[in-house]
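See below for the structure under consideration.
The values are calculated or read from the model by the stated rules, or taken from the named source; none is laboratory data. Values in this document were obtained by computation on a predicted structure and should not be read as measured data. Virtual Cβ from ideal backbone geometry, glycine too; neighbours counted across all protein chains shown. The protein model used for the area step is the full one, side chains on, heavy atoms only, and it has no ligands, DNA or RNA in it. Shrake-Rupley method; radii C 1.70, N 1.55, O 1.52, S 1.80 Å.
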Amino acid sequence: MGADEPGGERRTLVAGNWKMHHDHLQAIRTVQELGLRLDPGALARVEVTVHPPFTDLRSVQTVLEDRAIPLVLGAQHCHSDDAGAFTGEVSAPMLARLGVRYVLVGHSERRQLFGQSDAQVAAALRAVLRHGMVPVLCVGETAGEREAGETEARLAAQVAAAADGLTVEQIAGMVVAYEPIWAIGTGATATADDAQRACAHIRARLGDLSSPEAAAATRILYGGSVNPDNTAALVAGPDVGGVLVGGASLDAASFSDIVSAAATVRRSSRR
Ligand code: PGA
């Protein structure tokens, strides 16, 4: 996978979700600046992905290759079919052909604003796997569900709907992002304890669907108003394998500060 370290541990993952920001020229500038700013020492300990809009992918891929910038290319969404009459959609094989390695699946904005169902999320996840890429399955509760004490049930249902039936290897190799919907783009972050508890709960549910050993290998990220100041505390949770960053990933300075902060966390007992 390239994510494993010699000791069998997984590198911390910092993923930048650009959403519908940055045209391809801005994207080129941003990754060039990231190439200059990212600390090589931090990059040895942290795997960093960027997930630009579809129109930027080819340009970003070319810049990363030409300049040997050690960022990994990601995408934000894909359709579950390999080809067909699906106006406006992009398929997993198209992304794989562009060198995309990670694909977000079931981001809450896709679920809430574009009506993506649990079944569609499960099918898209399988398309990503079928084409040799790594799905980043996004799950999370609404503010209402949280207030009603339904967070754990919601996370368990979303994880089961997407991951039931996957092989133990597929579960071990995938990434899950815990993104409480009330924390996305709001400036309100889950506490490090809440993030750890939710990630541990997700890991336990993945263990029920596969094996505890497989689930121990799955990288589980926290996402929702991550910034350079809160990263280290969030990533310190033993079940938190990194962060999925929206707004703060658009700016090369703040994103590289997040990567450096994530790299400061000692990982001796990490999953
Ligand atoms: P945010 O977005 O960091 O802007 O809150 C996170 C996400 O939606 O992935």
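Brief remarks on what is shown
- Against the test of being at pLDDT 95 or above, on the phi < 0 side of the Ramachandran plot and open to solvent by less than 10 Å² (accessible area, probe 1.4 Å), the options 250, 209, 244 yield a single qualifying residue, 244.
- Residues that are open to solvent by less than 20 Å² (accessible area, probe 1.4 Å) and within 13 Å of the ligand (Cβ to nearest atom), drawn from segment 103-124: 104, 105, 106, 107, 108
- Of all residues in segment 96-131, those satisfying the criterion of being outside any helix (DSSP H, G or I) and touching a helix residue (DSSP H, G or I) at 6+ places or on another chain (Cβ under 6 Å) are 98, 99, 103, 105, 106, 116, 131.
- Residue 127 vs. criteria more than 20 Å from residue 78 (Cα to Cα), open to solvent by less than 60 Å² (accessible area, probe 1.4 Å) and among the hydrophobic types (A, V, I, L, M, F, W, C): no
- Residue in segment 200-207 that is touching a residue at least 60 places away in the same chain (Cβ under 8 Å) and within 14 Å of the ligand (Cβ to nearest atom) present: no
- Of all the criteria given as (1) on the phi > 0 side of the Ramachandran plot; (2) out of contact with any Ser or Thr (no Cβ under 9 Å at 6 or more places or on another chain); (3) within 16 Å of the ligand (Cβ to nearest atom), the one not satisfied by residue 187 is (2).
- Taken over segment 228-241, the criterion of being more than 14 Å from the ligand (Cβ to nearest atom), part of a loop (DSSP other than H, G, I, E, B) and open to solvent by 40 Å² or more (accessible area, probe 1.4 Å) is satisfied by 236, 238.
- Each residue in segment 159-192 was checked for being assigned to a loop (DSSP other than H, G, I, E, B), closer than 15 Å to residue 122 by Cα and open to solvent by 10 Å² or more (accessible area, probe 1.4 Å), and 4 of them qualify.
- Flag for residue 179 being modelled with pLDDT of 95 or more, of a type in the set (D, E, K, R) and closer than 27 Å to residue 80 by Cα: yes
- So residue 47, is it open to solvent by less than 40 Å² (accessible area, probe 1.4 Å), over 25 Å from residue 164 (Cβ atoms) and among the charged types (D, E, K, R): yes
- Flag if residue 171 is within 16 Å of the ligand (Cβ to nearest atom) and aliphatic (A, V, I, L, M): no
- In segment 139-158, residue surrounded by the most Cβ atoms within 10 Å (Cβ to Cβ) [restricted to those that are more than 18 Å from the chain's Cα centre (by Cα) and not in a helix (DSSP H, G or I)]: 142
- Pair list, Cβ under 6 Å, 6 or more apart: segment 169-184 residue over 16 Å from residue 157 (Cα atoms), other residue modelled with pLDDT under 95 and among the polar types (S, T, N, Q): 183/189
- Unique match (being away from the ligand (no atom under 16 Å from the Cβ) and not hydrophobic (A, V, I, L, M, F, W, C)) among 225, 256, 249, 210: 210
- Candidates 96, 198 - the one that is crowded, with 18+ Cβ neighbours inside 10 Å and in contact with a Pro (Cβ under 9 Å, 6 or more places away or on another chain): 198
- Condition broken by residue 149, with the remaining ones in (1) without any contact (Cβ under 8 Å) to a residue 24 or more places away in the chain; (2) touching a Cys at 6+ places or on another chain (Cβ under 8 Å) satisfied: (2)
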